[in-house]
Amino acid sequence: MKKEQMVGARLPAALVRELELIADVEQSDRSTTVRKLLSNAIRQWKLEHYVRLYGDGKLTLARAARDAGVSLWEMMDYARARKVSAQYDLEDLKRDLGAIRRA
């Protein structure tokens, strides 16, 4: 499989002007600017998506971090900033305390 693939999209003129402004400021070509912005948007989407699944109790925090492609610490910070409550109940605490006692 190719490392890169061509993707085309029709964009409103105002959005193209914004891209060109950013490209000028960043001193890069439009394609590089689009790749960089799209990469950042995808990263942000993944954080939002996986922290929502964690908040709904569908994933562990570690799994959410792995699937989002970030460290556990980064996901913890992100969840805290989004005020997502910890998915840790009394049974989790009892299990962890038991593991500590056995160690």
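Every number in this text was worked out from the coordinates using simple rules, so none of it is lab data. Not measured: the values here are computed from a predicted model. Glycine also receives a Cβ, built like all others from the backbone with ideal geometry; neighbour counts cover every protein chain displayed.
The table below lists the values:
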| quantity | calculated |
| --- | --- |
| Between helix 72-81 and the chain: long-axis angle, C-alpha atoms, 0 to 90°, nearest 10 | 80 |
| Cα-Cα over 26 Å, subset of LYS58/LYS83; LYS2/LYS58; LYS2/LYS36 | LYS2/LYS58 |
| Signed unit charges on C-beta, dipole axis of the chain, positive-most listed residue SER71, TRP45, LEU21 | SER71 |
| J(HN,Hα) series, the range 10-24, from Karplus relation 6.51 cos²θ - 1.76 cosθ + 1.60, nearest Hz, glycine and proline x | 8, 10, x, 4, 4, 5, 5, 4, 4, 4, 5, 4, 4, 4, 5 |
| Global form of the chain, assessed from the alpha-carbon gyration tensor, a/c cut-off 1.5 | prolate |
| Helix-only [θ]222 nm of the chain, DSSP H runs n ≥ 4, -39500 (n - 2.57) each, per residue, nearest 500 | -22500 deg cm²/dmol |
